[in-house]
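This report refers to the structure that appears directly beneath it.
The values are calculated or read from the model by the stated rules, or taken from the named source; none is laboratory data. This structure is a prediction, so every number in the text was calculated from the model and none was measured. Heads up, the Cβs are rebuilt from the backbone with ideal geometry, glycines too, and the neighbour counts pull from every protein chain shown.
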Amino acid sequence: MSERSNLITLVVGSPKVGKTTYISELVKKYRKKVLIIDINSEKLYKDYPVITPEQIRTHTEGVARIINEDHKTVLSLIDRYFYNGLVVFEDATVYAMKATENPVKNLLVNYRHRNRDYIFTFHSLRRIPPFIFEMANYITLFRTAENVVESKGKIPEFPVVAKAFEAVKKSKDQYCKITVQTRP
Amino acid sequence: METHDLLQELGKETEVKTPNPEIQAEMSAPAFDPNAQPPVNEVIPEAVQGAQAPPVEPEEMPIPPKESAKLFIEMLNGISTLFLPGIFKKKLTTPKQKEILEKLEASGKDDEFLQEYSEEEQRAALKKRDLIREAIRGVPFTEEEKTFLEDPLAKVIEKHGMKTSPEVMLVIALLTVAMPRVAVLFREP
């Protein structure tokens, strides 16, 4: 099996459309260690041990989660010590600040050097800051209550995303999702 | 429209990266022990300079789960003691029984029947009053009950990583202490 590049994925959808269920499937099948920034204490993650920010340094295998409101410290420790694994940012709206003062920026710069994959979840396309859009390889679209055209200016590969968005919207399955590639 | 299977994509292997020796050393260092004493003559290295220094802020010392559990139980006990008696009185008596009990209390003659109510009505009201008094006596947790609740609650707190800062604990403690005093305001004259 050939080696792939590291991936940044955005999972977008309104609450209760199946985002966390989907991500928990991805987490189960992921081959390396996983760290979930579980700011909402999701029930589906309850069996994974909670670690302190200090323990990011020694987290070497399996799935763990962090419930800590000091995002700046957590993100800095991930950037320094988390190699070879997947980081899931649940409800990543809290990181949607200005890029210049955002610790996520460092994470996005270093992810390939540290062999990290990222999954960010958002409740709508509208809430995703452009600097995260720019770095994303894939967007998994669930149903959202918004007009995709409002975000046209910041979405790379807009026609592809818009087509997927409309297809999800038209689907009768409330858990419908489509994953599209926005960056090779 | 080309769609992709993330399960398949993320399942593929990636090139493993190794941290530089400095970070490797930090990663294999034992976990931080807040109670550890520095060895005698230890040379404390100067702060790491430049962009590589992690902006680690002083770690907050969380309250141990058992201490949190004790305080939460005390708070629950305080809230129950404050509000349950009023709720019992309100829910367990009819308006008429309440009226009878108030009049009896005002007259100071529990053992005499009031002319305007039937004997049966007054007996029922007094029976309800005894029931309420007994219920109120049973509201505060006994020491045994508190101990019984402590361990399971501490385990839940630990399992869910619920961290309570010392400031929040202080507020809870203050409220618990102040509650019996505030309770006076809720008592009927």
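Okay, here's what the table says:
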| read-out | value |
| --- | --- |
| Residue check for A:ASN147: more than 11 Å from every other protein chain (Cβ to nearest Cβ) and either more than 26 Å from A:PRO53 (Cα to Cα) or modelled with pLDDT under 90 (or both) | yes |
| From B:GLU116, B:GLU145, B:GLU167, B:GLU158, residue being surrounded by fewer than 16 Cβ atoms within 10 Å (Cβ to Cβ), more than 30 Å from A:ASP47 (Cα to Cα) and of a type in the set (Asp, Glu) | B:GLU116 |
| Odd one out for A:PRO130 among (1) at pLDDT 90 or above; (2) touching a helix residue (DSSP H, G or I) at 6+ places or on another chain (Cβ under 6 Å); (3) under 25 Å from A:THR179 (Cα atoms) | (1) |
| Subset of the stretch A:1-10 [within 9 Å of another protein chain (Cβ to nearest Cβ) and either touching a helix residue (DSSP H, G or I) at 6+ places or on another chain (Cβ under 8 Å) or among the basic types (Lys, Arg) (or both)] | A:ARG4, A:LEU7, A:THR9 |
| Among residues of the stretch A:86-96, those that are at pLDDT below 95 and over 11 Å from A:ILE37 (Cβ atoms), counted | 2 |
| Residues within the stretch A:37-60 that are of a type in the set (Val, Ile, Thr) and touching a helix residue (DSSP H, G or I) at 6+ places or on another chain (Cβ under 6 Å), tallied | 1 |
| Members of the stretch B:81-110 that are β-branched (Val, Ile, Thr) and farther than 26 Å from B:PRO140 by Cα | B:ILE100 |
| Qualifying residue in the stretch A:40-50 (condition: under 18 Å from B:VAL16 (Cα atoms) and modelled with pLDDT under 90) | no |
| Unmet requirement for A:TYR111, which otherwise passes all of (1) in contact (Cβ under 8 Å) with a residue 12 or more places away in the chain; (2) within 29 Å of A:LYS16 (Cβ to Cβ) | (2) |
| Scan of the stretch A:54-67 for residues that are over 15 Å from A:VAL27 (Cβ atoms), of a type outside the set (A, V, I, L, M, F, W, C) and surrounded by 19 or more Cβ atoms within 10 Å (Cβ to Cβ), ordered by number | A:ARG57 |
| Answer residue from the stretch A:18-27, given it is within 15 Å of A:PHE89 (Cβ to Cβ) and in contact (Cβ under 8 Å) with a residue 40 or more places away in the chain and is nearest to the other protein chains (Cβ to nearest Cβ) among those | A:LEU26 |
| Among the candidates A:PRO15, A:PRO49, residue that is of a type outside the set (Gly, Ala, Ser) and touching a residue at least 60 places away in the same chain (Cβ under 8 Å) | A:PRO15 |
